[in-house]
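Here's the structure, in structure tokens; my notes come after.
Rule-based calculations on the coordinates, nothing more; no lab input. Computed from a predicted structure; not experimentally measured. No Cβ is skipped: glycine too gets one built from the backbone with ideal geometry, and neighbour counts run over all protein chains shown.
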Amino acid sequence: MPYIVQADEQHQLVEVVYTGPITVSTRICAMEDGALLLEAHQYARVLVDLTAATAAPEPADVAHGYAARMAHRPRARNSRLAYVTLPQQPANLLMENLASARHVELRHFHARADALHWLLTGT
């Protein structure tokens, strides 16, 4: 499986770690798994690690569909999401902008520590 979704009890968040090539359908599956954990633990923070992943090329409307699904999952929509990528990895600005336009609070980072700080302090 190209991803692992787990609850991090210490930081009270759900962490998603992707590896290898990933598609939007893979991200939808991970989001559904994560939403179940968010609900079960009543967490409101998600840390997504894309440092070992590569995005498979897909049409723009597929990314739009993923952002719309994210915005319609109440627990995901009301959570803070931090994405971690390597500096040389291209950010998926389209997907981030679409999610942000739907009032999903997210930020993009190049260091896990920075992402955790933002998630835990709200700044």
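Pairwise Cα distances in segment 11-52 exceed 12 Å for 58 percent of all pairs. In this calculation the C-beta distance from residue 42 to residue 117 is compared with R0 = 22 Å, giving a FRET efficiency of 0.50.
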